[in-house]
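Trainee: Supplied in structure tokens, the structure appears directly below.
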Amino acid sequence: MSDIEKVVIIGSGPAGWTAAIYAARAQLNPICYVGVPRQDPAPVLPGGQLMLTTDVENYPGFPDGVAGPEMMAMFQKQAERFGTRVVGEDIVSCDFSSRPFVMETSGGATVKAKAVIIATGATANWMGLDNELRLATSGGGVSACAVCDGALPMFRDKPMAVVGGGDSAMEEAHYLTKFASKVYVIHRRDELRASKTMQKRFMDEPNAEVIWNSKVTDVTGDASITGVDLEDTVTGEKSHLPINGLFIAIGHTPATSFLEDSGIDLDDARYVTLAGRDSHTNIEGVFAAGDVADSEYRQAITAAGMGCQAALDAERWLADQSS
């Protein structure tokens, strides 16, 4: 390892691996810090949220679909083929106040770099129920992305439910009405946070229903979900709702805690703020890609595209510095 790296990529997943592929092919000799597996409360693994996805059917080039972990293994293999070095550690702190940039790893090492690409993603917020997480990680019909998974054959013409009450929950629930026999929105209160337009769009569907003042206390099913146990938040009354798909839409948390004292601008939800349609952050030489900077789309294909942008932006920026 040289004293000062040309490009350090923090994170993996579609954004990080794509950035690594482009940076390696540009002969920037990138090093990728992919992170350490942890439980938070669902597993957080190198490779991002696709590591918890059984079937990916909406990524171009895979007409028969592909398992999320298999796809990420192929991304990594391609990045390594061109010379990307992979380190299984977290970057725990960054100092971008001067150049070269200085970062500290979870293993106690100090890393210096001319350019940095942040691709640490965002993790879905879960309810934290044991069976919810078990069925989410085993492909048993619990997911945090209806747009990713809702059209899978296992959910077609089956009753499904969405937990949440914001615009994202309404968008996901409305999307599911195209495929499900019935879509329930389970909400803890007696009114939704979503905009009136989003609410109306969902509720106008003939197979849509909101279950008010309710929280999920358990998810039932062995190999796959068969229903959810509910508790009325006002009366305490308990009930059971038979469903074959459960989608959690209670927000995402971007993985940016390590950037707190770095000088990188974060928005109110703690996502990295980008200067425009490119990958430039507020600090020259630091770029961001994927879900860590995208609270809107959060798709593998958009993350990969942003990873490409970040690598190209970093390459051009480094070339300008050299000249």
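Trainee: Answer yes if at least one residue in the range 51-70 is part of a loop (DSSP other than H, G, I, E, B) and under 19 Å from Val34 (Cα atoms), and no otherwise.
Mentor: Within the range 51-70, one or more residues are part of a loop (DSSP other than H, G, I, E, B) and under 19 Å from Val34 (Cα atoms).
Yes or no, residue by residue, for (1) in a loop (DSSP other than H, G, I, E, B); (2) farther than 27 Å from Leu133 by Cβ:
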| position | (1), (2) |
| --- | --- |
| Asp218 | no, no |
| Val228 | no, no |
| Glu231 | no, no |
| Thr235 | yes, yes |
| Leu246 | no, no |
| Ile250 | yes, no |
| Ile264 | yes, yes |
| Ala269 | yes, no |
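Trainee: So Gln27 clears everything in (1) over 20 Å from the mean Cα position of the chain (by Cα); (2) at negative phi except one condition, right? Which one?
Mentor: The number of the failed condition is (2).
Trainee: Also, I was wondering about something else. Can you work out which of the residues in the range 88-140 that are without any contact (Cβ under 8 Å) to a residue 60 or more places away in the chain and in a loop (DSSP other than H, G, I, E, B) is surrounded by the most Cβ atoms within 10 Å (Cβ to Cβ)?
Mentor: Glu89
Trainee: If you don't mind, another one. Taking Lys77 as the residue in question, decide whether it is assigned to a strand (DSSP E or B) and surrounded by fewer than 21 Cβ atoms within 10 Å (Cβ to Cβ). It would help to see each step written out before you state the result.
Mentor: On the way: assigned to a strand (DSSP E or B): no; surrounded by fewer than 21 Cβ atoms within 10 Å (Cβ to Cβ): yes.
No, not satisfied.
Conditions tested, residue by residue: (1) closer than 23 Å to Leu52 by Cα; (2) among the hydroxyl-bearing types (Ser, Thr, Tyr); (3) not in a loop (DSSP other than H, G, I, E, B).
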position	(1), (2), (3)
Ala151	yes, no, no
Asp157	no, no, no
Met160	yes, no, yes
Tyr184	no, yes, yes
Gln199	no, no, yes
Glu205	no, no, no
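Trainee: Only one of (1) touching a helix residue (DSSP H, G or I) at 6+ places or on another chain (Cβ under 9 Å); (2) free of Cβ contacts under 8 Å to residues at least 12 places away in the same chain; (3) acidic (Asp, Glu) is not met by Glu57, so which one is it?
Mentor: Failing condition for Glu57: (2).
Trainee: Can we say Met170 is surrounded by fewer than 19 Cβ atoms within 10 Å (Cβ to Cβ), touching a residue at least 24 places away in the same chain (Cβ under 8 Å), not in a loop (DSSP other than H, G, I, E, B) and not assigned by TED's automatic domain parsing to the domain that holds Glu315? Steps first, please.
Mentor: On the way: surrounded by fewer than 19 Cβ atoms within 10 Å (Cβ to Cβ): no; touching a residue at least 24 places away in the same chain (Cβ under 8 Å): yes; not in a loop (DSSP other than H, G, I, E, B): yes; not assigned by TED's automatic domain parsing to the domain that holds Glu315: yes.
Here the answer is no, as Met170 does not meet what is asked.
Trainee: Name the one entry in Arg270, Arg298, Arg316 that is surrounded by fewer than 13 Cβ atoms within 10 Å (Cβ to Cβ) and either at positive phi or assigned by TED's automatic domain parsing to the domain that holds Pro41 (or both).
Mentor: Working: Arg270 fails: surrounded by fewer than 13 Cβ atoms within 10 Å (Cβ to Cβ); Arg298 fails: surrounded by fewer than 13 Cβ atoms within 10 Å (Cβ to Cβ).
Step by step, each of Arg270, Arg298, Arg316 is checked, and only Arg316 is surrounded by fewer than 13 Cβ atoms within 10 Å (Cβ to Cβ) and either at positive phi or assigned by TED's automatic domain parsing to the domain that holds Pro41 (or both).
Trainee: While we're here: Of the conditions (1) within 18 Å of Thr54 (Cα to Cα); (2) part of a loop (DSSP other than H, G, I, E, B), Phe179 fails just one. Which one is it?
Mentor: (1)
Trainee: Need pairs with beta-carbon distance below 8 Å; first residue touching a residue at least 12 places away in the same chain (Cβ under 8 Å) and within the range 60-71, second surrounded by fewer than 16 Cβ atoms within 10 Å (Cβ to Cβ) and hydrophobic (A, V, I, L, M, F, W, C); sequence gap 6+ or separate chains.
Mentor: Taking only residues 6 or more apart or on different chains, the pairs are Pro60/Ile301; Met71/Phe62.
Trainee: Pull up the range 213-238, narrow it to residues that are hydroxyl-bearing (Ser, Thr, Tyr) and touching a residue at least 24 places away in the same chain (Cβ under 8 Å), then point me to the one that is surrounded by the fewest Cβ atoms within 10 Å (Cβ to Cβ).
Mentor: Only one residue tops the list, namely Thr217.
Trainee: Note down all Cβ pairs under 6 Å where the first residue falls in the range 302-323 and is free of Cβ contacts under 8 Å to residues at least 40 places away in the same chain and within 11 Å of Asp278 (Cα to Cα), the second is surrounded by 23 or more Cβ atoms within 10 Å (Cβ to Cβ) and of a type outside the set (Val, Ile, Thr), and they're at least six residues apart or on different chains.
Mentor: Gln309/Ser279; Asp313/Ser279; Asp313/Phe287
The values are calculated or read from the model by the stated rules, or taken from the named source; none is laboratory data. These numbers were taken from a predicted model, which means no experiment stands behind them. Every residue, glycine as well, gets a Cβ built from its backbone with ideal geometry; the counts of neighbours run over all protein chains shown.
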